[in-house]
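Remarks on the structure that follows.
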Amino acid sequence: SEMFEAMDRKELRAAYIVGENPARSEADQTRAVRLLKGLEHLVVQDIFLTQTAQLAQVVLPAAAGWAESEGTVTNSERRVQRVRRALEPPSGARDDIEIICELARRLGCDWGQPTAEEVWDECRGLSPMHAGMAYHRLDELGGIQWPCPDDSHPGTQFLHARLWKDPVEGRPAPFHAVEHDPPVDKLTAEFPIRLTTGRRLDSFNTGVQTGEYTSPLRKKEAVLISPEDGHRLGIADGERVCAISRRGSVEVPVRFDPTLRPGLAFMTLHFPDQVATNVLTIDATDPKSGTAEFKASAIRIEKLPAGVRG
């Protein structure tokens, strides 16, 4: 969000985007695409020619980190694990380390040709939380959870375990009292339905990595609403409708979901070529986290003319 705000203020005229697809994932998609197109120079490094890459002046084909690179990966429980190359990258694609070192060389800084382990050792030399995570320890222990401050430390199962010790180790955890700040996109008679967006189990983000695979769990994109809202609006389950926010509109099928309360709708961002969900979402951000209000857009749902409802 900060990058796009800088683009809007004309403070950022060039960007380097690695492994992201903000032309489809950013809130208020119409604005995001306009700002990306307005850059003087855009470089995208990715394993797919995403919609964002299609806007770039330079595309750097990268290796797939899960199968074509050496290195580490950190999962959501803070466990750092080794990743080993199983396949060579396809012709023309390069490992991330090779790409960044070659860019540095062309910019006048020769970093040589470091291995993934040498890069990792430099990282843990600069990060006290990873200092004890040498490759051989990651192999022996099957991964280690940070913080791991030295070579004898087993890793930290619970991030804030120190707070339960008596006396507490280190500084106490900071707490901040905040006042409730309601969503920026207010519900009104014109936009009476609260749209929240999220993910489904079978898909990932904008579908670049999962959209080409089939899944028995997958259903086509739809706006999920309560049966009560469907009946109130005179809309049938499966009917195509127009979902409209203050920023744009999309045509999308309706699917009734009895787990939703009246007045609440749900959509995902997994299939932007079918339904550009983020045309509807708002780019207002939380002042603490900087996260956009993907969960709180105001919309209305309208029936389509009889000839286009199929």
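The values are calculated or read from the model by the stated rules, or taken from the named source; none is laboratory data. As the structure is a computational prediction, the values presented were derived from the model and not from experiment. As a convention, Cβ positions derive from the backbone with ideal geometry for all residues, glycine included, and neighbour counts pool all protein chains shown. Heavy atoms of the whole protein, side chains included, go into the accessibility calculation; ligands, DNA and RNA do not. Shrake-Rupley method; radii C 1.70, N 1.55, O 1.52, S 1.80 Å.
A few notes on this one:
- Radius, Kirkwood style, for the range 163-223 when every pair of distinct Cα atoms is counted (Å): 17.2 Å
- Size of charge dipole - the chain - debye, nearest 20, with Cβ of Lys, Arg +1 and Asp, Glu -1, no other charges: 1120 debye
- From phi via Karplus (6.51, -1.76, 1.60), per-residue ³J(HN,Hα) for the range 290-297 in Hz, x at Gly/Pro: x, 6, 6, 7, 4, 8, 8, 9
- Averaged per residue, the chain has 59 square angstrom of accessible surface, using a 1.4 angstrom probe with ligands and nucleic acids left out.
- The length gained by stretching the chain between residue 111 and residue 264 to full extension, at 0.36 nm per residue less their Cα-Cα distance, is 49.8 nm.
- Shown are 123, 242, whose ranking by accessible area with a 1.4 Å probe and every protein chain present, most to least, is 123, 242.
- When +1 charges are put on Lys and Arg Cβ atoms and -1 charges on Asp and Glu Cβ atoms, the dipole computed for the range 160-309 relative to its Cα centre reaches about 140 debye.
- In the range 188-310, taking the dipole from charged Cβ atoms about the Cα centre, the farthest positive-side position among 260, 244, 289 is held by 260.
- Dipole of the range 47-104, positive direction: furthest Cα of 74, 57, 97, with charges on the beta-carbon: 74
- Counting only alpha carbon atoms, the long axis of helix 116-126 and the longest principal axis of the chain meet at about 90°.
- The alpha carbons of the range 268-310 give a radius of gyration and a Dmax of 14.2, 47 Å, in that order.
- GNM result for the chain, Cα springs below 10 Å: residue of 26, 77, 102 fluctuating most strongly: 77
- Straightening the chain between residue 295 and residue 232 buys 20.4 nm, computed as 0.36 nm per residue apart minus the Cα-Cα spacing.
- With θ taken as phi - 60° and the Karplus curve 6.51 cos²θ - 1.76 cosθ + 1.60 applied, the whole-hertz 3J(HN,Hα) list for the range 5-12 is 5, 5, 4, 5, 7, 6, 8, 10 Hz, x standing for glycine and proline.
- Set of lysines near residue 295 by C-alpha distance (under 18 Å), chain-local residues within fewer than 8 positions excluded: 186
- The label-point distance for residue 136 and residue 102, in a model that sets each label 7 Å from Cα toward Cβ, rounds to 3.4 nm.
- Protein accessible area in the chain, 1.4 Å probe - carbon and sulfur %: 55 percent
- Amide H contacts under 5 Å for residue 255: 223, 224, 225, 238, restricted to partners 5 or more places along the chain or on a different chain, H placed in the peptide plane at 1.01 Å from N.
- For P(r) over Cα pairs in 10 Å bins from 0, in percent, calculated from these coordinates, the label among [x] 6, 21, 21, 20, 18, 11, 4, 0; [y] 5, 19, 25, 25, 18, 7, 1, 0; [z] 6, 25, 30, 21, 12, 5, 1, 0: [y]
- Considering only 204, 222, 304, and ranking their Cα positions along the charge dipole of the range 199-310 that arises from unit charges at the beta-carbon of Lys, Arg, Asp and Glu, the one farthest toward the positive end is 304.
- The chain: angle of helix 96-106 to the longest principal axis, Cα-based, in degrees nearest 10: 70 degrees
- Normalised contact order of the chain, rounded percent, pairs of Cα under 8 Å and 6 or more residues apart: 17 percent
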